[in-house]
1. Scan the stretch 104-137 for residues that are surrounded by 15 or more Cβ atoms within 10 Å (Cβ to Cβ), farther than 14 Å from Ala10 by Cα and touching a helix residue (DSSP H, G or I) at 6+ places or on another chain (Cβ under 8 Å) and report the count.
2. Within the stretch 11-50, how many residues turn out to be more than 21 Å from Leu63 (Cβ to Cβ) and open to solvent by 40 Å² or more (accessible area, probe 1.4 Å)?
3. Kindly indicate the residue of the stretch 81-103 that is polar (S, T, N, Q) and open to solvent by 50 Å² or more (accessible area, probe 1.4 Å) and also farthest from Cys24 (Cα to Cα) among those meeting that condition.
4. Out of (1) at pLDDT 90 or above; (2) over 30 Å from Leu89 (Cα atoms), the odd one out for Ala28 is which?
5. Scan the stretch 84-118 residue by residue and report those that are within 17 Å of Val156 (Cβ to Cβ), in contact with a Gly (Cβ under 8 Å, 6 or more places away or on another chain) and hydrophobic (A, V, I, L, M, F, W, C).
6. For the stretch 138-161, how many residues meet the condition of being open to solvent by 70 Å² or more (accessible area, probe 1.4 Å) and either modelled with pLDDT of 90 or more or out of contact with any His (no Cβ under 8 Å at 6 or more places or on another chain) (or both)?
7. Does the stretch 47-67 contain at least one residue that is within 30 Å of Arg86 (Cα to Cα) and either part of a helix (DSSP H, G or I) or in contact with a Phe, Trp or Tyr (Cβ under 6 Å, 6 or more places away or on another chain) (or both)?
8. Under 8 Å by Cβ, and 6 or more places apart or on different chains, what pairs join a residue from the stretch 27-50 that is touching a residue at least 12 places away in the same chain (Cβ under 8 Å) with one that is hydroxyl-bearing (Ser, Thr, Tyr)?
Amino acid sequence: MPTARAPEPALLDPKGPVITAIACTVGAVLLLGAGGAAVYVAVRTVSEIGGTSSGWTWAGTALFLVAVFVACVGWSTFVSARVERRLTLRLAATGVAATALVLSASSAPPSNDEHEQVRLLIRVEGPGFEPFECTCDLFAYLFGDAAQGTVLPARVDPETRVFTLERRSAPPAPGTPGS
């Protein structure tokens, strides 16, 4: 009898309510605006098909396809923002404190917006779930100081294995209270 396989671990970038609201608004505007434009262009193109000039038919078809693509981008933005917020709330409610041991650290290709990244192979352990290993590409300005043996605080949803990593707090400066 096959056994149930644990879901693949997934690193989550937590989303707050303001970012979610902005992303949902942008997605809805793209969806509704481009969807309306697609309907208008489709109706106009169909009504002009029998006309003497076939130029509008090709232009209308191209505009229709572009509008449908933009509407799909809007739908995807709206849905993914809601899913990420739902996962963020679930992780906050049911997640457990865990630790992530850095097994290796190397440079990674820059992100889409040209931020330097670091690739970490980590082993995440904590109560209520089987330890797992995961490779994550993270921003170097947040995790660039992580090296082999570094322990990072993490939060894990034991059921879905969705997790977040937190930056280590910097050691106190010399001469400050508590050092």
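1. Matching residues across the stretch 104-137 total 2.
2. Total meeting the criteria: 11.
3. Thr99
4. (2)
5. Val96, Ala97, Ala98, Leu101, Val102
6. 5
7. Yes; the residues of the stretch 47-67 include at least one that is within 30 Å of Arg86 (Cα to Cα) and either part of a helix (DSSP H, G or I) or in contact with a Phe, Trp or Tyr (Cβ under 6 Å, 6 or more places away or on another chain) (or both).
8. As it stands, the answer is Gly27/Ser76; Gly27/Thr77; Leu30/Thr77; Thr45/Thr57; Thr45/Thr61; Glu48/Thr57, since those pairs meet every condition given.
The values are calculated or read from the model by the stated rules, or taken from the named source; none is laboratory data. Note that the coordinates shown come from a computational prediction; the quantities given were computed from them, not determined experimentally. Positions of Cβ are backbone-derived with ideal geometry, glycine not excepted, and every protein chain shown enters the neighbour counts. These accessible areas exclude ligands, DNA and RNA; they are computed on the full protein's heavy atoms, side chains included. Shrake-Rupley method; radii C 1.70, N 1.55, O 1.52, S 1.80 Å.
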